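Please treat every number below as a calculation from the coordinates, not as lab data. All of these numbers come straight from a predicted model, not from anything done at the bench. Here the Cβ is made from the backbone with ideal geometry for all residues, glycine too, and neighbour counts use every protein chain on show.
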Amino acid sequence: MTPINKVIINKNTHINPIWIMRQAGRYLPEFRKIRSNNNDFIKLCLNEDLSSEITLQPLKRFDLDAAIIFSDILMLPYGLGQKVKFEKNFGPKLGELNLNEIAKVDEIDFVEKVHRVYKAIKKVSSNSNLKNKNTIGFVGAPWTLLVYMINQQSPKKKLKENFFNDNFLINRILLIIEKYLKIHIKHQIENGANIIQIFDSWAGLLEEKDLPNYIYTPTLNLVNYIKSLNVPVICFPREIKNYKEFCDIVKPDAINIDYNVDPKEIVKDIKVPVQGGLNPNILLTDKQTLKKETIKYLEIFKDHPYIFNLGHGILPETNPEMVEYLVKTVKEYK
């Protein structure tokens with residue numbers, strides 16, 4: 001059994017496996033070299049040779065316990081026929097959302113557009129260097145994908161003024177998102193993903209009254225589906241106000257916390273294994289600060305099943321030497 005599975009399934013508190021959100025990518029010089037020759041980010045995600053190579057790059061450098069496939073949550077709207085492109089210094093831009101066109105898409109169309117992601121997962125999961133490590137697949141949560149598809153770009157703390165105006169559109173799109181997320185998850189698992197993480201990057205935008213409709217119910221449906229496939233599921237409802245309520249209702253196998261929550265409250269309130277929490281900005285400081293903050297999390301969760309990770313994705317300006325020091329600190333902690 002892998003170290004991460006020992007924590008999630010066996011609730012082991014004597015080990016602290018580590019992987020890092022966005023570990024495959026922009027802070028590594030070897031990734032930047034590939035990226036400089038591949039301007040189209042979506043095409044890069046759909047190049048199974050390069051995306052599998054990128055996925056494995058951090059594992060060649062660091063003693064991490066999992067590979068997370070180099071892909072993007074926006075492969076879902078792309079697979080449904082919505083235009084998706086990434087602009088430098090801006091982020092994702094999505095085309096007009098045409099419900100009639102999206103409704104015409106079937107499973108064969110969708111898989112045809114994104115199947116190279118599954119090929120990349122297969123290449124990674126069959127790599128002999130990954131023995132005793134997990135291959136993590138992932139999806140965006142229904143709410144976060146809805147935000148991108150209607151907003152057509154990152155909301156940066158603010159939704160379009162008329163975002164909630166068309167209830168029919170929202171409910172239809174949510175149903176379509178859920179259907180194709182299940183298809184996307186199933187194919188990732190069939191090709192070797194043995195953990196699925198659900199990223200709800202914009203969970204913090206909602207008021208409490210809207211959580212059941214947009215977060216709890218659709219995410220619970222996905223969690224139950226993943227559990228039915230006998231694969232552990234980690235949820236990351238970033239900046240949600242009440243992690244305890246989320247865990248009580250959605251019941252993920254593990255919960256990833258963001259860096260704005262107090263880990264001491266989390267360890268008191270939450271029964272399931274916990275992942276993450278460290279502010280990625282700490283990796284931009286110095287080794288002394290990094291060690292102090294890392295040990296703080298390890299101490300707080302020393303009697304709780306815990307997977308070390310960050311409270312958001314690693315920042316592009318991070319020095320790989322700091323990542324090496326972080327991994328060493330976690331591995332040497334007793």
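List the residues whose amide H sits under 5 Å from the amide H of ILE195, counting only those 5 or more places along or on another chain, with H placed 1.01 Å from N in the peptide plane.
Under 5 Å from the amide H of ILE195: THR135, GLY137.
Can you give the Kirkwood hydrodynamic radius for region 23-142, in Å, rounded to one decimal and based on Cα pairs?
By the Kirkwood definition, the hydrodynamic radius is 15.3 Å.
Please report how far the C-alpha centroid of region 176-223 lies from that of region 125-162, rounded to the nearest whole angstrom.
Cα centroid of region 176-223 versus Cα centroid of region 125-162: 9 Å apart.
Looking only at PRO280, PRO155, PRO218, which one moves most when the chain is put into a Gaussian network model with springs between Cα atoms under 10 Å?
With Cα springs under 10 Å in the chain, the top fluctuation among PRO280, PRO155, PRO218 is at PRO155.
Run the helix sum for the chain: -39,500 (n - 2.57) per DSSP H stretch of 4+ residues, divided by residue count, reported at 222 nm to the nearest 500 deg cm²/dmol.
-13500 deg cm²/dmol
Taking θ as phi - 60°, what are the ³J(HN,Hα) couplings along region 165-171 by the Karplus curve (6.51, -1.76, 1.60), each to the nearest whole Hz, with x for Gly and Pro?
Along region 165-171, the couplings run 5, 9, 4, 4, 4, 4, 5 Hz.
Once you mark the GluC sites (Glu not before Pro) that are in a DSSP loop and have at most 13 other Cβ atoms within 10 Å, what is the longest gap between them in the chain?
Counting only loop sites that pass the neighbour cut-off, the longest clear stretch is 208-316.
Filter the trypsin sites (Lys or Arg not before Pro) in region 81-131 down to the DSSP loop ones having no more than 15 other Cβ atoms within 10 Å, then list what survives.
Qualifying residues, ordered by number: LYS83, LYS88, LYS131.
Report the Cα-based extents of the chain along its three principal axes, largest first, to the nearest Å.
57, 46, 37
By DSSP, what percent of the beta bridges with both residues in region 3-332 are antiparallel, rounded to the nearest 5?
The antiparallel fraction comes to roughly 20 percent.
Apply the Karplus curve 6.51 cos²θ - 1.76 cosθ + 1.60, θ = phi - 60°, to the phi angles in region 294-311 and return the couplings in whole Hz, x for Gly and Pro.
Working through the residues one at a time gives 5, 4, 4, 5, 5, 5, 4, 9, 5, 10, 10, x, 9, 10, 6, 6, 9, x Hz.
Mind running the shape call on region 237-334? Use the C-alpha gyration tensor, a ≥ b ≥ c as the square roots of the eigenvalues: rounded below 1.5 for a/c, prolate if a/b tops b/c, oblate otherwise.
prolate
Identify the trypsin sites (Lys or Arg not before Pro) of region 2-36 meeting these criteria: DSSP loop state and at most 13 other C-beta atoms within 10 Å of the C-beta.
LYS11
For region 1-62, what D do you get in µm² per second when you plug the Kirkwood radius from alpha-carbon pairs into Stokes-Einstein at 37 °C and 0.692 mPa s?
244 µm²/s
Is region 173-257 rounded, prolate or oblate when judged by the Cα gyration tensor, a ≥ b ≥ c being the square roots of its eigenvalues, rounded requiring a/c under 1.5 and prolate requiring a/b larger than b/c?
The shape class here is prolate.
Could you list which residues have their amide H under 5 Å from that of ALA141, counting only those 5 or more apart in sequence or on another chain, with H placed in the peptide plane?
HN-HN under 5 Å from ALA141: PHE199, ASP200, SER201.
If amide H atoms are built 1.01 Å from N in the plane of the peptide, which residues on other chains or at least 5 residues away come under 5 Å of the amide H of GLN153?
Result for GLN153 returns LEU94.
Only counting other Cβ atoms within 10 Å, I'd like ASP248, ASP303 sorted with the fewest neighbours first.
Lowest to highest Cβ neighbour count: ASP303, ASP248.
Within region 145-242, report the chymotrypsin sites (Phe, Trp or Tyr not before Pro) that DSSP leaves as loop and that have at most 16 other Cβ atoms within 10 Å.
Passing both the DSSP loop test and the Cβ count: PHE163, PHE164.
With θ set to phi - 60° and the Karplus curve 6.51 cos²θ - 1.76 cosθ + 1.60, what are the ³J(HN,Hα) couplings of region 56-71 in order, to the nearest whole Hz, using x for Gly and Pro?
Residue by residue, region 56-71 yields 8, 3, x, 6, 6, 8, 10, 7, 8, 9, 7, 9, 10, 4, 6, 7 Hz.
Just how far, in whole angstrom, is region 263-334 from region 17-59 if you go by their alpha carbon centroids?
Going from one Cα centre to the other spans 23 Å.
Which residue fluctuates the most in the chain, going by a Gaussian network model with Cα springs under 10 Å, if the choices are LYS296, LYS156, LYS60?
LYS156
Which value, in nm² and rounded to one decimal, describes the direction-averaged projected area of the C-alpha convex hull of region 95-247?
10.0 nm²
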